[in-house]
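Please read the structure below before turning to the comments.
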Amino acid sequence: MTKPPGQVPDLRDDSGVVPTVNLAAEAGRSDFYARAAEHQLAPLWRVLHGLVTEKPVPRCVPAIWHYRDVRPFLMEACGQISTEEAERRVLVFENPGLPGQSRITQSLFGGFQIVLPGEIAPAHRHVASALRFIVEGRNAYTAVAGEKTMMEPGDFVITPSMAWHDHGNEGDGPMVWLDGLDMHIVNLLGASFREGYPGKVQPLDRPEGAAMAEAGTNMLPVDHDFGKTLTSPIFNYPYARTREALDRLARFREINAWHGHKMRYVNPVNGDWAMPTMATSMQLLPKGFATRPYRSTDSTVFTVVEGRGSTTVDGKTMEWEPHDVFIVPSWQQVTHTASEDAVLFTYSDRAVQEKLGLLREEQL
Ligand code: GTQ
């Protein structure tokens, strides 16, 4: 925004916006401001344009974490603290624009969790929903609401709000996954609760595969009440099926110029996103494909499942390879280029923005 004449930057708020008030007159108002402040009152006109911005002013910045840099710290964390002591042994991705706030974007949390062979992350539950996107390892499970699922690289696994969950590694190598949580949205609204389970693990009262049998084949049992929950009853969307869907799509369907072949994870009960707050998708960018510029109001977390390429956000280019995590902030123009067949998983707060009628996007 251009600075109107006769004003000085001491009124500039942290978004860089200058209010319209007349500077010469401001000096004469200082006594009024001081007396108002004693009554917890503040003048809107000094901050209005920073509060109600002309366009999104994302606090998060484009950023990338390369797995080759992060993995050694995860391994080192295992020597520093046990899962037992940590409850969840997670290294949090701190967006450089939001340091010290455990935010990967303005609204979302992201971190890599590591569970070693034989370890158990004890059962607890909370209002915040979690997604897990498996990065490395095999033969580890998560148990959610009485049912266990084994996790493999590329699987998208859901922990719904207030569902008991514990994780365990029964394999012989470390298990690493990306955690995405919506606790910042829950906390913004003052709606957070959390409780520990009385035992280390919850009892399993459903056989493995029950959720998939009930909801994972485009059919639903006629006599099952899925209740009021907004979260998909499928809590593991296995990569083998996702990858096959993308492949089949790519064989006959014209590629989307802005997204490549991109599919969203859906809740089969209501057709909406798989989770009520976090929108999740997977996209295939064939080797040599370059997307046209796109922007949307949902700051988005990407992780690379397969392939190599680069992403340019408002002129800044990030080169990526498998298991890297990177951020595209709200309303910044993005293009992707794949130098090999590439598969990218994403999550964002789009599911919230759509429900509130806030989402905007532009295909350029
Ligand atoms: O696995 O339950 O990264 O509660 C942060 C909070 C993981 C979990 C996180 C959590 C969890």
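The residues of the stretch 126-279 have, on average, 49 Å² of accessible surface per residue, using a 1.4 Å probe with all protein chains present. With contributions of -39500 (n - 2.57) from each DSSP H run of at least four residues, the per-residue ellipticity at 222 nm computed over the chain stands at -5000 deg cm²/dmol.
Which of the trypsin sites (Lys or Arg not before Pro) found in the stretch 83-166 are in a DSSP loop and have at most 15 neighbouring Cβ atoms, other than their own, within 10 Å? Taking the stretch 83-166 and a limit of 15 other Cβ atoms within 10 Å, the loop trypsin sites (Lys or Arg not before Pro) found are Arg88, Arg138. Could you state the number of Å between the C-alpha centres of the stretch 334-364 and the stretch 30-57? A separation of 34 Å, based on Cα centres.
Residue by residue, the stretch 126-140 carries 3J(HN,Hα) couplings of 7, 5, 4, 8, 10, 10, 10, 10, 6, 9, 8, x, 9, 6, 10 Hz when phi is fed to the Karplus relation 6.51 cos²θ - 1.76 cosθ + 1.60 (θ = phi - 60°); x denotes Gly or Pro. Spin-label pair Asn139-Thr20: with each label point 7 Å from Cα along the Cα-Cβ axis, the two points sit 6.8 nm from one another. By a straight-distance test (C-alpha under 14 Å), which aspartates and glutamates pair with Lys287 as possible cross-link partners, with residues fewer than eight away in the same chain excluded? Lys287 reaches Asp247, Glu306, Glu321, Glu340, Asp341. For Arg138, the residues 5 or more places off, or on other chains, whose built amide H falls under 5 Å of its own are Gly173. Cβ-Cβ distance of Glu244 and Gln333, R₀ of 41 Å, FRET efficiency by 1/(1 + (r/R0)^6): the value works out to about 0.80.
Carbon and sulfur: what percent of the chain's accessible surface (1.4 Å probe)? Don't skip to the end; give the middle numbers.
Values: 9670 of 17920 Å².
Roughly 54 percent of what the probe reaches on the chain is carbon or sulfur.
Put simply, the Cα atoms of the chain extend 73, 52, 48 Å along their principal axes, the longest span coming first. Distances between placed amide hydrogens fall under 5 Å for Arg89 paired with Ile114, all partners being 5 or more residues away or on another chain. The largest-to-smallest principal axis extents of the Cα set in the stretch 143-293 are 53, 41, 36 Å. Between Glu85 and Asp223, the modelled label-to-label distance comes to 5.2 nm, taking each label 7 Å out from Cα in the direction of the beta carbon. Amide H to amide H distances under 5 Å link Glu340 with Gly288, Arg308, where only residues 5 or more positions off or on other chains count and H is placed in the peptide plane. Just grab the label-to-label distance for Asp69 and Thr53, each label 7 Å out from Cα along the Cβ direction, in nm (one decimal). About 2.4 nm separates the two model spin labels.
In this structure the stretch 303-351 gives 30 Å² per residue of accessible area when probed at 1.4 Å with all protein chains present. In sequence order, the stretch 177-187 has phi-based couplings of 9, 8, 9, x, 10, 9, 4, 5, 6, 4, 5 Hz under the Karplus curve 6.51 cos²θ - 1.76 cosθ + 1.60, θ = phi - 60°, and Gly or Pro positions carry x. Placing a label point 7 Å from the Cα of Ala27 along the Cα-to-Cβ direction, the residues of the stretch 37-54 with a backbone N closer than 20 Å are 46. Here the 3J(HN,Hα) profile of the stretch 66-74, calculated from phi with Karplus coefficients 6.51, -1.76 and 1.60 at θ = phi - 60°, is 8, 4, 4, 8, 7, 3, x, 5, 5 Hz, Gly and Pro shown as x.
With a Förster radius of 22 Å applied to the C-beta separation of Leu204 and His124, the computed FRET efficiency comes to 0.85. Based on the Cβ-Cβ distance of Glu76 and Met150, what FRET efficiency does E = 1/(1 + (r/R0)^6) give at R0 = 30 Å, to the nearest 0.05? According to the calculation, E is roughly 0.65.
Between the stretch 204-247 and the stretch 115-145, how far is it from one alpha carbon centroid to the other, in angstrom? With the stretch 204-247 and the stretch 115-145 each reduced to a Cα centre, they are spaced 18 Å. Hey, which lysines would be in cross-link range of Lys200, C-alpha to C-alpha under 26 Å, not counting anything within fewer than 8 residues on its own chain? Partners found: Lys148.
The values are calculated or read from the model by the stated rules, or taken from the named source; none is laboratory data. The structure displayed is predicted, hence computed values, not measured ones. Neighbour counts are summed over all protein chains in view; Cβ atoms, including those assigned to glycine, are modelled from backbone coordinates with ideal geometry. Heads up: the accessible areas ignore ligands, DNA and RNA and are worked out on the full protein's heavy atoms, side chains in. Shrake-Rupley method; radii C 1.70, N 1.55, O 1.52, S 1.80 Å.
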